[in-house]
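One structure below.
The values are calculated or read from the model by the stated rules, or taken from the named source; none is laboratory data. Computed from a predicted model, the values in this text were never measured in an experiment. Backbone-built Cβ (ideal geometry, glycine too); neighbour counts: all protein chains shown. Side chains included, ligands, DNA and RNA excluded: accessible areas come from the protein's heavy atoms. Shrake-Rupley method; radii C 1.70, N 1.55, O 1.52, S 1.80 Å.
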Amino acid sequence: MNYKTNIATRKEALTKLLNVIITHENEIIEALYSDFRKPAFEAVLTETNYVISELKNTIKNLHKWAKPKRVFPSILNFPSTDYIYKEPYGKVLIIAPWNYPFQLALCPLISAIAAGNQVVLKPSELTPKTSEIITKIIEKTFPVNHVEVIEGGLEVSQNLLSQRWDYIFFTGSVPVGKIVAKAAAENLTPVTLELGGKNPCIIDNTANLKLAAKRIVWGKFINAGQTCIAPDYILIQKNMKSHFVDFLKLEITKAYGENPKSSPDYARIVNTKNWLRLANMIDDKKVIFGGQIDIEDRYISPTLIDESSVDTLIMKDEIFGPLLPILSYENDAEINIVISKYEKPLSLYVFTEDKKFAQKIIKQYSFGGGCINDTVVHFSNKRLPFGGVGHSGIGAYHGRLSFDTFSHKKAIVKKANWLDLPMRYAPYKDKLNSIQKLLKWL
């Protein structure tokens with residue numbers, strides 16, 4: 001079967017995948033709950049529905065995306081017609097993370113198949129039930145020579161990375177991303193690396209504090225804070241900090257009740273190792289709200305930390321959990337001191353009614369993407385690229401850009417034969433003057 005050139009075959013495979021996913025949606029939701037108590041609402045919103053929507057959009061637009069694009073020719077090649085052809089890279093390796101284990105495995109897979117590639121998918125071993133249902137869905141949809149799922153831990157990943165691929169797509173942490181990049185470099189394999197970083201959330205004295213608190217609480221504590229684009233820390237003007245903390249407490253209680261542990265809407269930490277890492281960051285003396293933990297249940301409550309220094313453990317690296325340090329500033333220079341301490345983040349958020357301040361922040365700092373007066377929601381727009389910069393990632397995807405990510409752009413010039421100017425051919429005697437004048441005119 002020729003996956004490379006047959007667009008109809010690709011659409012047929014994607015349509016089959018769509019139907020299988022819809023059939024097994026309840027099993028996917030149950031698997032996500034089993035792995036780390038992901039609420040059904042979050043499972044649908046951020047996992048199954050997102051994938052279904054991506055599939056429908058890809059199926060609808062695939063012929064248009066795959067069609068050769070005609071571009072304006074260079075006058076030096078007159079007469080000609082010029083095109084960009086999109087061809088698959090070939091054999092693609094996709095390594096998926098555990099925090100959104102269904103969505104972040106299936107979305108790149110969809111685009112890789114749409115572009116005509118063969119795929120090996122490595123789901124996360126930290127979410128075994130979700131990996132199991134992914135394997136079941138793939139085996140029902142694709143022949144093994146088209147898409148294969150390989151489950152396993154570190155040793156399996158190392159073995160896969162030791163092999164030669166035509167493209168590697170990795171989502172995960174910065175340290176592992178460096179390992180992937182190093183392995184890919186051995187064979188000059190192109191990569192997309194979706195990583196992370198310490199995402200700042202800046203609030204000035206013009207912001208709507210009540211609404212900001214509501215949106216920050218949602219973006220931070222969805223998936224128990226295990227989201228690569230979640231706000232990692234807050235920077236708020238000093239004279240507003242205490243007032244804003246009151247709003248945060250109120251919104252956390254509204255969302256998860258007096259005891260978030262009993263809330264059906266609050267997830268758990270994925271495993272004991274990650275729980276221990278997060279629990280070690282909590283300094284009881286600095287906790288201003290929350291701080292309850294239970295290792296048996298892998299539970300850490302939504303926790304607010306009163307932080308005044310960037311030199312503490314919680315401010316060292318990306319948190320990736322339900323702990324929210326709150327720092328203050330008095331002027332723009334102090335904002336810069338904090339943000340400049342870290343590598344370029346995956347996301348940045350600013351809450352303000354001052355348009356000039358918002359534009360200044362957006363232009364001054366380099367980051368993958370973000371929002372003004374909201375958090376996380378930029379991820380939902382398929383027309384916006386999603387990806388990092390610097391240590392937060394290489395490359396971007398979503399929507400049409402995902403198809404382009406898994407496609408090599410081949411340049412083609414179709415030259416006409418009815419005119420053949422002799423000037424370009426040797427011997428060049430007496431032509432230098434003429435060609436210099438022509439090139440200067442062009």
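Computed from backbone phi with θ = phi - 60° and the Karplus coefficients 6.51, -1.76 and 1.60, the 3J(HN,Hα) list for the range 388-402 is x, 8, x, 6, 8, x, 10, x, 8, 8, 3, x, 4, 4, 5 Hz; x is used for glycine and proline. Computed over the range 314-400, relative contact order equals 25 percent, with contacts defined as Cα pairs under 8 Å that lie 6+ residues apart. Among rounded, prolate and oblate, which fits the range 83-127 when a ≥ b ≥ c are the square roots of the eigenvalues of its C-alpha gyration tensor, a/c under 1.5 means rounded, and a/b larger than b/c means prolate? Note, shape of the range 83-127 comes out prolate. Structural descriptor for the chain: relative contact order 18 percent, calculated from alpha carbon pairs under 8 angstrom and at least 6 residues apart. Can you tell me the 0 to 90 degree angle between the C-alpha axis of helix 241-256 and the longest principal axis of the chain, rounded to 10? Once rounded, one gets 90 degrees.
In the chain the longest region clear of chymotrypsin sites (Phe, Trp or Tyr not before Pro) that are loop-assigned by DSSP and have at most 16 other C-beta atoms within 10 Å covers 1-417. Identify which of 108, 143, 345 has the largest mean-square fluctuation in a Gaussian network model of the chain, with springs joining Cα atoms closer than 10 Å. Looking only at 108, 143, 345, the largest GNM fluctuation is found for 143. The amide H of residue 71, built 1.01 Å from its N in the peptide plane, has 82, 83, 84 as neighbours under 5 Å, considering only residues 5 or more places off or on other chains. Mean-square fluctuations from a GNM of the chain, with a 10 angstrom spring cutoff on Cα atoms, peak among 271, 223, 259 at 259. Once the 1.4 Å probe is applied to the protein heavy atoms, the range 390-442 comes out at 76 Å² accessible per residue.
When both the range 240-273 and the range 62-79 are represented by their alpha-carbon centers, they are found 53 Å apart. Evaluated over the Cα positions of the range 131-268, the convex hull gives a direction-averaged projected area, one quarter of its surface, of 12.2 nm². Expressed as an acute angle from 0 to 90° and rounded to the nearest 10, what is the orientation of the C-alpha long axis of helix 209-221 relative to the principal long axis of the chain? Relative to the chain, helix 209-221 is tipped by roughly 70 degrees. Mind running the shape call on the range 235-330? Use the C-alpha gyration tensor, a ≥ b ≥ c as the square roots of the eigenvalues: rounded below 1.5 for a/c, prolate if a/b tops b/c, oblate otherwise. Because a/c hits 1.5 or more and a/b fails to exceed b/c, the range 235-330 counts as oblate.
Using a probe radius of 1.4 angstrom, the carbon and sulfur fraction of the accessible surface of the chain is 55%. Solvent exposure of the range 234-326, expressed per residue, is 47 Å² of accessible area, with all protein chains present and a 1.4 angstrom probe. Report summary: the helix-based calculation at 222 nm, which adds -39500 (n - 2.57) for every DSSP H run with n ≥ 4 and divides by the residues of the chain, gives -11500 deg cm²/dmol. Quick one: angle between helix 128-141 and the longest Cα principal axis of the chain, in degrees between 0 and 90, rounded to 10, please. Roughly 30 degrees, rounded to the nearest 10. Taking a straight line from the alpha carbon of residue 344, these aspartates and glutamates sit under 16 Å away, with near neighbours fewer than eight places off in the same chain left out: 194, 232, 317, 318. By a 1.4 Å probe calculation restricted to protein chains, residue 318 has an accessible surface near 50 Å², given to the nearest 10. The phi torsions of the range 74-84, fed into the Karplus equation with coefficients 6.51, -1.76 and 1.60 and a -60° offset, translate into couplings of 6, 5, 5, 9, 4, x, 7, 10, 10, 9, 10 Hz, rounded to whole numbers, with Gly and Pro shown as x. Gain on full extension, evaluated as 0.36 nm per residue between residue 419 and residue 356 minus their Cα-Cα distance, stands at 17.1 nm. Taking every alpha-carbon pair within the range 313-442, the share separated by more than 26 Å comes to 50 percent.
With all protein chains kept in place, the per residue accessible area of the range 110-172 amounts to 40 square angstrom at a probe of 1.4 angstrom. Other residues within the sphere of radius under 12 Å centred on the Cβ of residue 28, judged by their own Cβ, net out at -3 (K and R +1, D and E -1).
Based on the convex hull around the alpha carbon atoms, the range 372-442 presents an average projected area of 10.6 nm².
In terms of distances greater than 21 angstrom between alpha carbons, the cross-link table entries 410/431; 220/261; 38/129; 64/122 yield 410/431; 64/122. By a 1.4 Å probe calculation restricted to protein chains, residue 243 has an accessible surface near 100 Å², given to the nearest 10. When the chain is treated as a GNM with alpha-carbon contacts under 10 Å, the residue of 336, 49, 117 showing the greatest mean-square fluctuation is 336. In the frame of its principal axes, the range 101-206 has Cα extents of 58, 32, 28 Å, reported largest first.
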